[in-house]
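The values are calculated or read from the model by the stated rules, or taken from the named source; none is laboratory data. Given the structure is predicted, the values throughout are model-derived calculations rather than measurements. Here the Cβ positions follow ideal geometry from the backbone for every residue, glycine too, while neighbour counts run over all protein chains shown.
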Amino acid sequence: MRIQQLQLLVALAETGSLRAAAKQLHVTQPALTKALRQLEDEFSTTLVTRTPKGARLTETGEILRARAAAVLREVDRAKQEVAWQTRKEQATVVISVSPGAAMTLIPGALKRLHDRWPDVLVSIIDAVYPLSHALVRSGKVELAIGPLPAEGVDNDLYTTPLGEARTILVTRNTSKYASSTTKEDLTQASWILAGPKDGPGDPQRLTFQLGEGFSPRIVAQCESYLSVLAILPSIDAIALVPESIFHQYGTAVGLSQVTVNVSQLLPKVMIHTVWLADTTLTAPAAGLLDAIKQETAYKTGGV
């Protein structure tokens, strides 16, 4: 099996056409067809079927394509890492980060990384599960930082805990909920859902604290805590926000912590790093992970 044959499978999956795949790889269509036949002979099975609309991979072809894509990504990373070491070229690390971690951990972690390795470019994608884990599996990101779903993750992903994030209830200073003293006030409130449903910012997670009959009235759903900070000062609602984000940004935009005494019962969230279990992090990615761990240890009061 050759690298060119692996590239062939990936190109066929992307283009759906032998002619388009050949053009993408800068080879003739007969040469591509010959390489495909050799690959099918090696595995003793059909990998591609022709259709009136072009060509598509068989189920076996899809299995091999996923492995081929992983191998090609590792080859590209190896080339980049060697160039970074030997020719001092800029290395790139692509990560996905949950909004909370992006606002509290990443600024300090990047400074630590660049103090050591100034020629490393970090490309950051804002994402939480399930998108962040899909990005890891696809190889589009090398690391994901954020909370895990309640059911955990599959064995194809490796996770390590970073630290625990305390969540608090937040509203605008002038809100009628700012001085709430009873849990009944919360059951009648409007809510902003921060992040994915059933995630750390979902008020439905407060069912245990507020009673089985609690059904929050969601008036806005935000993918990012930045959006929560922008919207919450303008509407009379409550949101679940990491305590560190509130202290760092919330008071400056006119937000207050809700005073109802449920703080000791609010769900705590463990922040994890996630990467593919069967891969080795590149040196720049490992350096960034070390910097994130150092920044987490430096921060007091969780992440």
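The condition of being surrounded by 14 or more Cβ atoms within 10 Å (Cβ to Cβ), modelled with pLDDT under 85, of a type outside the set (D, E, K, R) and in contact with a strand residue (DSSP E or B) (Cβ under 8 Å, 6 or more places away or on another chain) does not hold for LEU288. Taking region 143-156 as the range and being of a type outside the set (D, E, K, R) and over 24 Å from PRO242 (Cβ atoms) as the test, only ASN155 passes.
Please work out which one of (1) touching a residue at least 60 places away in the same chain (Cβ under 8 Å); (2) closer than 15 Å to LEU289 by Cβ; (3) over 10 Å from the mean Cα position of the chain (by Cα) is the condition VAL94 fails and give its number. VAL94 satisfies all of (1) touching a residue at least 60 places away in the same chain (Cβ under 8 Å); (2) closer than 15 Å to LEU289 by Cβ; (3) over 10 Å from the mean Cα position of the chain (by Cα) except (1).
Checked against the criterion of being in a loop (DSSP other than H, G, I, E, B) and surrounded by 12 or more Cβ atoms within 10 Å (Cβ to Cβ), region 64-74 contains not a single residue that satisfies it.
For GLU59, are the conditions met, namely being closer than 26 Å to LEU276 by Cβ, loosely packed, with under 15 Cβ neighbours inside 10 Å, under 29 Å from the mean Cα position of the chain (by Cα) and among the acidic types (Asp, Glu)? Against the criterion (closer than 26 Å to LEU276 by Cβ, loosely packed, with under 15 Cβ neighbours inside 10 Å, under 29 Å from the mean Cα position of the chain (by Cα) and among the acidic types (Asp, Glu)), GLU59 qualifies.
For region 28-49, the set of residues classified as over 14 Å from ARG2 (Cα atoms) and buried (at least 18 other Cβ atoms within 10 Å of the Cβ) consists of LEU47, VAL48, listed by residue number.
Of the numbered criteria (1) in a loop (DSSP other than H, G, I, E, B); (2) in contact with a strand residue (DSSP E or B) (Cβ under 9 Å, 6 or more places away or on another chain); (3) under 24 Å from SER244 (Cβ atoms), the one LYS140 fails is (3).
Scanning region 1-27 for residues that are among the basic types (Lys, Arg) and either touching a residue at least 60 places away in the same chain (Cβ under 8 Å) or surrounded by 12 or more Cβ atoms within 10 Å (Cβ to Cβ) (or both) returns ARG19, LYS23. Being among the hydrophobic types (A, V, I, L, M, F, W, C), under 30 Å from LEU121 (Cβ atoms) and in contact with a Lys or Arg (Cβ under 8 Å, 6 or more places away or on another chain) holds for only one residue in VAL48, VAL71, VAL75, VAL94, and it is VAL94. Yes or no: region 222-239 includes at least one residue that is at pLDDT below 95, closer than 30 Å to VAL120 by Cβ and in contact with a Phe, Trp or Tyr (Cβ under 6 Å, 6 or more places away or on another chain). Yes; the residues of region 222-239 include at least one that is at pLDDT below 95, closer than 30 Å to VAL120 by Cβ and in contact with a Phe, Trp or Tyr (Cβ under 6 Å, 6 or more places away or on another chain). Would you confirm whether or not region 69-92 contains a residue that is modelled with pLDDT of 80 or more and in contact with an Asp or Glu (Cβ under 6 Å, 6 or more places away or on another chain)? Checked against the condition, which is being modelled with pLDDT of 80 or more and in contact with an Asp or Glu (Cβ under 6 Å, 6 or more places away or on another chain), region 69-92 yields at least one hit.
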